[in-house]
Amino acid sequence: MVTPHISAAPGDFAPGVLMPGDPRRARRIAETILQDARLVTDVRGIEGYTGTYRGVPLSVLASGMGMPSVTIYATELFRFYGVRGIVRVGTAGGIPASVGLRDVVVATAAHTDSAMGSRRIDGVHLSHAASFRLATAAAQAAGTGRHIHVGPVFTTDHFYLERPALFEQLEAHGTLAVEMEAAGLYATAAAEGGHALAVLTVSDHVRHAEALTPAERETDFDRAVTIAATALLA
Ligand code: ADE
């Protein structure tokens with residue numbers, strides 16, 4: 001079986017999939033944490049690998065950027081490849097001052113400005129909630145400390161729109177960070193009967209210009225990957 005966006009054979013994906021946005025991160029995860037990783041798909045340069053982690057089969061597939069892209073890959077994995085759980089491992093912009101660069105955010109829910117969710121059931125604003133099982137396992141794996149945050153994030157369609165007032169309001173509603181995929185992933189998991197979570201590394205902040213360099217973005221999210229992989233195996 002081949003889907004429009006994935007060229008893997010049946011059984012090529014493990015039940016659990018780590019999902020970074022960037023294909024180079026997918027390859028790096030395969031090279032650094034998976035044993036015996038093999039490439040199972042690379043349609044459009046979106047690379048997927050399957051190997052084992054602590055002796056258990058585990059896969060990694062990049063999502064590309066934004067809700068339309070993550071929704072395509074998550075739907076095909078859940079619907080056609082027997083995948084049961086997907087954990088996004090990506091970057092996010094911190095919203096409150098208490099969320100600093102390199103901190104990890106376990107996203108229990110995702111607010112969004114996207115119209116994608118509202119198109120699923122006419123007249124209904126669906127909740128975009130993480131899998132309770134995966135979120136609990138990730139929070140446990142992450143432990144406590146001021147660099148670990150568990151709570152809602154904001155999934156936006158706009159990377160460059162300047163909206164300081166919006167971020168103030170989101171902060172007042174307890175929102176920890178902004179990114180571009182979690183709500184789409186959570187809605188897809190709900191529709192397909194799967195489990196989903198996002199474990200995010202803070203790469204920049206909406207209040208100041210400080211940000212991780214591209215090289216730091218590549219390497220500084222290892223902690224989030226370990227938390228995500230541990231949650232998928234729990
Ligand atoms: N991903 C990482 N940082 C982001 C930001 N500031 N806005 C949206 N997505 C992001």
- Message: Could you check segment 50-68 and list, in sequence order, the residues that are open to solvent by less than 30 Å² (accessible area, probe 1.4 Å) and not β-branched (V, I, T)?
- Response: G51, Y53, L58, S59, L61, A62, S63, G64, G66, M67
- Residue satisfying all of: in segment 208-221; at pLDDT 80 or above and buried (at least 16 other Cβ atoms within 10 Å of the Cβ); nearest to P96 (Cα to Cα) among these: L212
- Note on the structure: How many residues of segment 17-37 are free of Cβ contacts under 8 Å to residues at least 24 places away in the same chain and under 25 Å from F80 (Cβ atoms)? The answer is 3
- With the condition kept exactly as written, say whether any residue in segment 86-98 is within 15 Å of the ligand (Cβ to nearest atom) and in a helix (DSSP H, G or I). no
- Residues of segment 40-91 being basic (K, R) and farther than 12 Å from L18 by Cα, which ones? R44, R54, R79
- Working only within segment 129-159, note down all residues that are assigned to a strand (DSSP E or B) and within 19 Å of V206 (Cα to Cα). I148, H149, V150, G151, P152, V153, F154, T155
- Item | Residue match in segment 10-23 (condition: among the aliphatic types (A, V, I, L, M) and open to solvent by 30 Å² or more (accessible area, probe 1.4 Å)) | no
- Does A191 satisfy the criteria of being part of a helix (DSSP H, G or I), more than 11 Å from the ligand (Cβ to nearest atom) and surrounded by fewer than 18 Cβ atoms within 10 Å (Cβ to Cβ)? yes
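The values are calculated or read from the model by the stated rules, or taken from the named source; none is laboratory data. From a predicted model like this one, the values you see are computed outputs, not experimental measurements. Using ideal geometry, Cβ is built from the backbone for each residue, glycine included, and neighbour counts are taken over all protein chains shown. In case anyone asks, the SASA skips ligands and DNA or RNA and just uses the protein heavy atoms, side chains included. Shrake-Rupley method; radii C 1.70, N 1.55, O 1.52, S 1.80 Å.
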